[in-house]
Amino acid sequence: QCAIDPNSIVSDACTSYSDLERLHAQLEPALDDLTQQTDFFAYYRLNLYNKACPFWNDENSMCGNRACAVDTIEDESAIPPIWRAEELSKLEGARAKHPGRAQRRERPSNRPLQYQLGENVDESCVVEEDDECDERDYCIPDDEGAAGKGDYVSLVNNTERYTGYSGMGARQVWDAIYKENCFSAKSPRGSLRSKTLQAAQNLKNVFQEYGRQHVDDGEDLYPLDDECLEQRAFYRIVSGMHASISTHLCWEYFNQTTGTWFHNVDCYKERLHTHPERVSNIYFNYALLTRAVAKARKHLESYTFCSGDPEQDFETKQKVLALADKAAAGPHTFDESVMFQDPGVMDLKEDFRNRFRNVSRLMDCVGCDKCRLWGKVQTAGYGAALKILFEFDEDKNGENPHLRRTELVALVNTLARVSHSVDAIQKFRVAVNTGDLSV
Ligand code: FAD
């Protein structure tokens with residue numbers, strides 16, 4: 001069902017490999033342009049170094065390789081002025097404060113949000129102050145806190161590729177991520193916060209109990225056959241993310257003997273070609289992310305791109321809308337409307353959301369800076385996609401939950417990453433069949 005057959009259906013999504021590859025060919029130039037050529041999508045603000053792993057002591061699993069390091073932006077003049085700490089601090093103060101959840105609920109529907117942000121300051125231009133996430137978020141926000149906290153990173157200058165990070169540290173994180181897939185259809189009643197904390201505590205207990213021991217049977221942790229669609233989707237998202245990371249590290253692999261970077265076909269064979277279900281999960285994620293971008297089309301029409309340069313902002317917006325248009329004009333890739341419909345599993349959506357938040361928390365346990373950076377970008381990207389798929393009304397504009405700048409940047413960059421994986425897999429596949437790796 002999920003074999004590498006160009007006509008096979010990417011089960012759970014409503015399309016085939018060949019349809020998605022055609023869509024990929026159409027979207028790729030627009031995606032490359034957006035992620036490589038615009039400031040808005042090139043700079044990502046996150047808390048890369050200051051958050052401890054909340055689940056176990058990871059001091060001994062740090063990666064010391066040069067390839068694991070991230071070049072953060074020390075000189076703020078490289079960043080568009082509006083995002084600099086100095087400028088952001090000007091935006092702070094009563095009128096520019098991000099309205100907390102309670103405030104937002106109290107806001108009369110006829111009063112625009114901008115009122116609380118200052119007349120000329122759009123919400124997407126402001127660093128939010130409340131550390132608590134919106135109950136509709138699927139990810140723990142990473143860019144928040146007082147202006148000046150966190151690091152700016154150029155995603156263009158810190159490509160995701162082989163770093164040498166491996167062994168127990170990496171394995172423990174992947175194991176913990178897959179353990180999040182052990183859903184119980186009925187989660188205990190309680191507040192959202194206590195449930196999230198409880199899910200986190202459960203995970204912590206698992207690792208305290210087993211320490212750093214795990215059973216390495218060489219098998220992927222598959223979901224059980226009788227698992228529902230939602231649970232299968234959760235598994236496929238994380239497995240697809242894992243497989244996409246594997247694709248990138250095989251595509252840009254480092255030969256330590258010769259000191260050169262090369263496309264490692266054996267790595268691809270071992271990690272992907274012999275595991276067609278992992279490849280299928282990459283395509284599943286491509287279907288899910290393109291649907292999210294298409295669904296956000298209307299919302300993006302009124303989105304403010306605030307680099308401080310109106311001409312550049314206009315161009316960025318046109319490029320994003322063109323991407324969303326192309327995604328919307330393609331085949332219908334994913335049908336989110338069939339999920340979370342069964343009245344027997346009312347708590348499932350919340351459980352799903354809490355578990356995905358834990359996956360995002362686990363990124364602070366990744367002991368390689370570069371891997372942590374891309375792990376955070378991609379979990380935030382999937383989190384944004386899930387928020388759009390399950391919390392947005394496609395036809396509404398202002399009433400949808402707020403999409404933070406980091407969420408939009410992460411979504412587009414995550415799609416670009418998966419798009420790159422789809423590209424690399426097609427080339428690797430030819431190389432396995434013909435021995436020729438034409439790049
Ligand atoms: P791993 O990839 O560590 O896999 C562990 C086990 O999980 C496997 O034995 C298999 O049973 C199962 N598994 C493997 N793939 C899948 C899948 N797709 N679906 C389901 N189960 C699967 N390394 C880099 O070089 N560059 C990076 O940018 C990078 N980013 C990372 C980001 C994160 C968040 C993490 C946790 C690790 C990252 N790594 C990165 C490390 C990399 O993912 C591997 O862990 C490492 O290369 C060791 O690989 P491995 O062969 O031991 O198997």
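The values are calculated or read from the model by the stated rules, or taken from the named source; none is laboratory data. Predicted model only: the values in this text are computed from it and were never measured. Using ideal geometry, Cβ is built from the backbone for each residue, glycine included, and neighbour counts are taken over all protein chains shown.
For the list (1) at pLDDT 95 or above; (2) under 25 Å from ARG45 (Cβ atoms), I need the number of the one condition that PHE305 fails.
PHE305 satisfies all of (1) at pLDDT 95 or above; (2) under 25 Å from ARG45 (Cβ atoms) except (1).
Collect the residues in segment 122-172 that are among the aromatic types (Phe, Trp, Tyr) and at pLDDT 90 or above, keeping them in residue-number order.
Of everything in segment 122-172, those that are among the aromatic types (Phe, Trp, Tyr) and at pLDDT 90 or above turn out to be TYR162, TYR165.
What's the number of the condition PRO343 fails, among (1) away from the ligand (no atom under 16 Å from the Cβ); (2) more than 15 Å from ARG136 (Cβ to Cβ); (3) surrounded by 18 or more Cβ atoms within 10 Å (Cβ to Cβ)?
Single failed check for PRO343: (3).
Could you give every pair whose Cβ atoms fall below 6 Å, whose first residue belongs to segment 136-153 and is closer than 15 Å to HIS402 by Cα, and whose second residue is assigned to a loop (DSSP other than H, G, I, E, B) and modelled with pLDDT of 70 or more, counting only separations of at least 6 or pairs across chains?
Every condition considered, the pairs that remain are ARG136/PRO401; ASP143/GLY150.
Scan segment 382-412 residue by residue and report those that are more than 15 Å from SER244 (Cβ to Cβ) and within 16 Å of the ligand (Cβ to nearest atom).
Of everything in segment 382-412, just one residue is more than 15 Å from SER244 (Cβ to Cβ) and within 16 Å of the ligand (Cβ to nearest atom), namely GLY383.
State whether the residues of segment 302-324 include one that is over 13 Å from LEU415 (Cβ atoms), in contact (Cβ under 8 Å) with a residue 40 or more places away in the chain, of a type in the set (Val, Ile, Thr) and surrounded by 15 or more Cβ atoms within 10 Å (Cβ to Cβ).
Yes: segment 302-324 contains one or more residues that are over 13 Å from LEU415 (Cβ atoms), in contact (Cβ under 8 Å) with a residue 40 or more places away in the chain, of a type in the set (Val, Ile, Thr) and surrounded by 15 or more Cβ atoms within 10 Å (Cβ to Cβ).
Within segment 358-381, identify whether any single residue is more than 16 Å from the ligand (Cβ to nearest atom) and either in contact with a helix residue (DSSP H, G or I) (Cβ under 9 Å, 6 or more places away or on another chain) or modelled with pLDDT of 95 or more (or both), and answer yes or no.
no
Which members of segment 282-297 meet the condition of being under 18 Å from ASP393 (Cα atoms) and either among the aromatic types (Phe, Trp, Tyr) or surrounded by fewer than 18 Cβ atoms within 10 Å (Cβ to Cβ) (or both)?
Answer for segment 282-297, where residues must be under 18 Å from ASP393 (Cα atoms) and either among the aromatic types (Phe, Trp, Tyr) or surrounded by fewer than 18 Cβ atoms within 10 Å (Cβ to Cβ) (or both): just ARG297.
Would you call VAL338 away from the ligand (no atom under 15 Å from the Cβ), hydrophobic (A, V, I, L, M, F, W, C) and either more than 19 Å from ALA410 (Cα to Cα) or in contact (Cβ under 8 Å) with a residue 60 or more places away in the chain (or both)?
It is true that VAL338 is away from the ligand (no atom under 15 Å from the Cβ), hydrophobic (A, V, I, L, M, F, W, C) and either more than 19 Å from ALA410 (Cα to Cα) or in contact (Cβ under 8 Å) with a residue 60 or more places away in the chain (or both).
Among (1) assigned to a helix (DSSP H, G or I); (2) more than 14 Å from the ligand (Cβ to nearest atom); (3) not aliphatic (A, V, I, L, M), where does CYS306 come up short?
Only one criterion is unmet by CYS306, namely (1).
Within segment 226-245, restricting attention to residues that are charged (D, E, K, R) and not in a helix (DSSP H, G or I), which residue is nearest to the ligand (Cβ to nearest atom)?
It comes out as GLU227.
Please go through (1) within 14 Å of the ligand (Cβ to nearest atom); (2) surrounded by fewer than 18 Cβ atoms within 10 Å (Cβ to Cβ); (3) in contact (Cβ under 8 Å) with a residue 40 or more places away in the chain for ASP266 and return the number of the only condition it doesn't satisfy.
Of (1) within 14 Å of the ligand (Cβ to nearest atom); (2) surrounded by fewer than 18 Cβ atoms within 10 Å (Cβ to Cβ); (3) in contact (Cβ under 8 Å) with a residue 40 or more places away in the chain, only one is false for ASP266: (3).
Taking the condition surrounded by 16 or more Cβ atoms within 10 Å (Cβ to Cβ), modelled with pLDDT under 95, away from the ligand (no atom under 16 Å from the Cβ) and not in a helix (DSSP H, G or I), does THR333 pass? It would help to see each step written out before you state the result.
Numbers: surrounded by 16 or more Cβ atoms within 10 Å (Cβ to Cβ): yes; modelled with pLDDT under 95: yes; away from the ligand (no atom under 16 Å from the Cβ): yes; not in a helix (DSSP H, G or I): yes.
In short, yes.
So, in segment 66-80, of the ones that are of a type outside the set (A, V, I, L, M, F, W, C) and assigned to a helix (DSSP H, G or I), which residue ends up surrounded by the fewest Cβ atoms within 10 Å (Cβ to Cβ)?
For segment 66-80, the residue satisfying everything is SER77.
Within segment 357-367, does at least one residue satisfy the condition of being among the β-branched types (Val, Ile, Thr) and without any contact (Cβ under 8 Å) to a residue 12 or more places away in the chain?
no
Residue-wise test of (1) more than 17 Å from the chain's Cα centre (by Cα); (2) in a helix (DSSP H, G or I); (3) β-branched (Val, Ile, Thr).
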residue	(1), (2), (3)
CYS371	no, yes, no
GLY375	no, yes, no
ALA380	no, yes, no
ALA385	no, yes, no
ASN400	yes, no, no
LEU403	no, no, no
ASN413	no, yes, no
VAL418	no, yes, yes
